[in-house]
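Below: one structure, written as structure tokens.
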Amino acid sequence: MSDRRAFLGNLATGLGSIALASLLADEAQATNSPSSRGYREEGAGGRRAAKRVIQIFCPGAASSLDMWDYKPGLTKHDGEVLPGGDALVTFQGGQGKLAKSPYGWKPYGKSGKWLSDAVPHIAQHADEICFLHAMTAKSNTHGPGTLQMNTGFIFEGFPSMGAWATFALGSLTQDLPAFVAIPDVRGLPVAGPANWSNGFLPAAFQGVAFNTEKAIPDLDLPKGASPDSEKRVRGFLDALNKGYGKRAPGYTELDARLASYALAARMQLSAPEATDFSKETAATHKLYGTDSSNQYLAAYAKNCILARRLVERGVRFVQLFCGASSSAAEGSINWDAHQRLKSDLDRHCPILDQPTAALLTDLKQRGLLEDTLVIWTTEFGRMPTFQAKSQGRDHNPQGFTVWMAGAGVKGGFSYGATDELGWKAEQNVTTIYDFHATVLHLLGLDHKKLTYYHNGANRRLTDVHGEVIREVLA
């Protein structure tokens with residue numbers, strides 16, 4: 001016991017000199033993750049199309065019917081009663097009449113994909129995007145729906161997709177975390193850090209959350225410290241820790257803690273460089289819209305540049321949020337358009353549109369899109385009707401759109417379809433389990449083999465469900 005107390009006492013004396021000790025926990029252990037060979041798809045020699053993933057998530061359930069899923073039938077039947085929906089009660093109550101999209105639509109690219117005037121910049125990438133139009137979810141409530149899209153389960157306590165990916169594949173860099181979450185400057189999404197949690201996986205695989213307006217805390221040198229003094233203190237502490245490590249072989253908690261301190265020290269150099277936009281060209285800033293008079297568009301644009309800079313520097317998985325949790329005024333800071341569909345989408349679509357399109361353009365120009373998978377997600381869709389006594393759409397998990405672009409997927413391709421009115425998935429119906437299985441497959445991983453024993457069961461991202469959507473693979 002005296003040795004243990006001495007170890008903790010000596011360790012504590014160095015904590016003030018090690019930035020991020022409380023924040024980063026064990027992320028650097030990802031570089032020592034288990035071999036992914038046991039998790040890989042058979043028959044491909046472990047090859048994978050994607051080395052990294054950028055997941056864009058729009059909290060609040062963005063309306064597919066007004067952005068991605070063109071429904072001439074909805075325009076034709078505008079103002080009529082939804083067939084079979086006269087007694088339907090959804091999340092916020094009874095249904096009003098069918099309501100066409102308030103936006104115009106037109107075909108884009110060689111593929112002739114019909115997309116909404118609400119997203120004209122992203123529409124320019126129609127030939128690079130693979131749309132999944134028959135997605136379904138298990139919940140029509142924001143919290144559980146958001147958790148399912150990000151963790152595979154509707155309850156908290158399960159690892160996020162980014163945690164599973166980094167658990168299996170480790171890191172591409174030793175100077176930055178393997179998994180980073182970039183929250184919107186307007187706030188955290190519903191369920192907060194549970195969306196990038198490690199769940200029951202080792203703490204090394206949780207996401208590290210920061211954005212361009214809220215940097216990683218405690219990264220700067222302590223007051224009165226110089227780089228030389230810091231280096232000497234870290235060297236002394238490292239020698240002590242290695243000595244204790246030799247006396248306690250196999251003590252993985254100590255190994256993880258040492259790795260986290262080492263990463264913290266390296267990040268004092270690498271993180272400020274990764275978040276320093278001073279060398280980005282004026283053309284890049286203009287492309288993304290960082291100079292926009294819309295402060296939220298400019299902020300999201302900066303976060304998109306940050307996402308690109310992170311994957312460029314070896315971050316394996318980046319979770320990028322556009323929107324925050326719900327507020328008293330629904331739809332004001334997220335996509336929850338219950339009362340004012342048109343004005344809410346007029347607010348949110350421009351924020352998403354230009355920076356997201358710029359991110360795709362930038363990744364392609366730099367040759368990164370070839371092995372980076374970009375996915376756009378939201379928790380569920382919206383109804384083809386307006387809610388009773390409102391001008392907004394209610395929640396609809398029975399049929400909505402997500403999309404993928406980049407490494408390993410067919411561009412200019414649409415898979416699955418909702419019915420004529422956009423209410424229910426009808427052709428080639430897919431689930432979030434299938435979506436997750438496909439993302440893991442593109443990373444070279446077999447979702448049925450990627451398991452972790454917890455509470456008497458071999459847990460996995462896809463639970464006991466899911467099949468790879470092979471029709472979307474390039």
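Things to note:
- Selection within segment 319-342 - of a type in the set (Ser, Thr, Tyr) and touching a residue at least 24 places away in the same chain (Cβ under 8 Å): SER325, SER326
- 1 or more residues in contact (Cβ under 8 Å) with a residue 12 or more places away in the chain and closer than 30 Å to PRO272 by Cα: qualifying strands (runs of 3 or more DSSP E) within segment 84-200: 179-182
- Qualifying residue in segment 84-91 (condition: in the same structural domain as PRO397 (by TED's automatic domain parsing), among the β-branched types (Val, Ile, Thr) and buried (at least 17 other Cβ atoms within 10 Å of the Cβ)): yes
- Members of segment 383-432 found to be of a type in the set (Ser, Thr, Tyr), crowded, with 21+ Cβ neighbours inside 10 Å and in contact with an Asp or Glu (Cβ under 7 Å, 6 or more places away or on another chain), listed by number: THR401, THR418
- Selected residue [surrounded by fewer than 21 Cβ atoms within 10 Å (Cβ to Cβ), within 25 Å of VAL429 (Cα to Cα) and of a type in the set (Ser, Thr, Tyr)] from SER160, SER139, SER63, SER101: SER139
- Pair list, Cβ < 9 Å and 6+ apart or interchain, from segment 390-414 residues that are of a type in the set (Ser, Thr, Tyr) to residues that are modelled with pLDDT under 95: SER390/GLN92; SER390/GLY96; SER390/HIS338; SER390/GLN339; SER390/ARG340
- Looking only at segment 433-471, and only at residues there that are of a type in the set (A, V, I, L, M) and either in a loop (DSSP other than H, G, I, E, B) or not assigned by TED's automatic domain parsing to the domain that holds ILE129 (or both), the one that is surrounded by the fewest Cβ atoms within 10 Å (Cβ to Cβ): VAL464
- Restricting attention to segment 234-254 and to residues that are loosely packed, with under 11 Cβ neighbours inside 10 Å and at pLDDT below 75, the residue that is nearest to the chain's Cα centre (by Cα) turns out to be GLY250.
- Inclusion of THR31 among residues that are part of a helix (DSSP H, G or I), modelled with pLDDT of 95 or more and among the polar types (S, T, N, Q) is not warranted.
- Inspection of segment 294-308 finds a residue satisfying the criterion of being in the same structural domain as ASN140 (by TED's automatic domain parsing), modelled with pLDDT of 95 or more, within 23 Å of PRO177 (Cβ to Cβ) and of a type in the set (Val, Ile, Thr).
- Any hit, segment 114-121, residues being closer than 21 Å to ASN428 by Cα and surrounded by fewer than 23 Cβ atoms within 10 Å (Cβ to Cβ): yes
For (1) of a type in the set (A, V, I, L, M, F, W, C); (2) surrounded by 19 or more Cβ atoms within 10 Å (Cβ to Cβ); (3) touching a Cys at 6+ places or on another chain (Cβ under 9 Å), each residue gets a yes or a no:
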| residue | (1), (2), (3) |
| --- | --- |
| ALA283 | yes, no, no |
| TYR288 | no, yes, yes |
| SER293 | no, no, no |
| LEU297 | yes, yes, no |
| LEU310 | yes, yes, no |
| GLY314 | no, no, no |
| LEU320 | yes, yes, yes |
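Every residue, every condition in (1) closer than 27 Å to ARG313 by Cβ; (2) touching a strand residue (DSSP E or B) at 6+ places or on another chain (Cβ under 6 Å), yes or no:
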{"residue": "ALA137", "(1), (2)": "no, no"}
{"residue": "ASN140", "(1), (2)": "no, yes"}
{"residue": "GLY152", "(1), (2)": "no, no"}
{"residue": "LYS231", "(1), (2)": "yes, no"}
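- Criterion applied to SER101, SER64 was being of a type in the set (S, T, N, Q) and under 25 Å from ILE432 (Cα atoms), and the one residue passing it is SER64.
- Matching entry among LEU345, LEU352 (being within 20 Å of the chain's Cα centre (by Cα) and touching a residue at least 40 places away in the same chain (Cβ under 8 Å)): LEU352
- Output for segment 334-380, where each listed residue is over 29 Å from ARG316 (Cβ atoms) and surrounded by 17 or more Cβ atoms within 10 Å (Cβ to Cβ): ASP336, ALA337, HIS338, GLN339, ARG340, LEU341, ASP344, LEU345, ARG347, CYS349, PRO350
The values are calculated or read from the model by the stated rules, or taken from the named source; none is laboratory data. Just so it is clear, the model here is predicted, and its values are computed rather than measured. Cβ coordinates were reconstructed from backbone atoms using ideal geometry, including for glycine residues, and neighbour counts include every protein chain displayed.
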